[in-house]
Amino acid sequence: MKLAKLKGELVDKAKATALVFDLARRERDAWMNWPPRVAADMAAELGVDAHLMEQVLEHHLRRHLAELAEIEIEFG
């Protein structure tokens, strides 16, 4: 096992879990910042109220992220 770890074939489970958690948090944060950035442009293209567009985008995004949060990751 030491040889496999030195070769980079094994990783520390706690570190891998922490890295995945951090990556998921950054991904979530990036998506949460997306509606305010694009709502006005999308609203202009569609000829609708920008504030309403942002609210609708955020609502659907939060629902989708909540569904994704239910996915459990197991490291054998």
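Read the figures in this text as sums done on the coordinates, not as results from a lab. The structure displayed is predicted, hence computed values, not measured ones. All Cβ positions, even for glycine, are placed from backbone atoms using ideal geometry, and neighbour counts span all protein chains on display.
Numbers below:
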| read-out | value |
| --- | --- |
| Within segment 21-76, tally of residues that are more than 29 Å from VAL11 (Cβ to Cβ) and of a type in the set (Lys, Arg) | 3 |
| Top-ranked residue of segment 6-59 - restricted to ones that are β-branched (Val, Ile, Thr) and in a helix (DSSP H, G or I), ranked as farthest from ILE71 (Cα to Cα) | VAL38 |
| Per-region count, segment 22-36, residues surrounded by 11 or more Cβ atoms within 10 Å (Cβ to Cβ) and without any contact (Cβ under 8 Å) to a residue 12 or more places away in the chain | 2 |
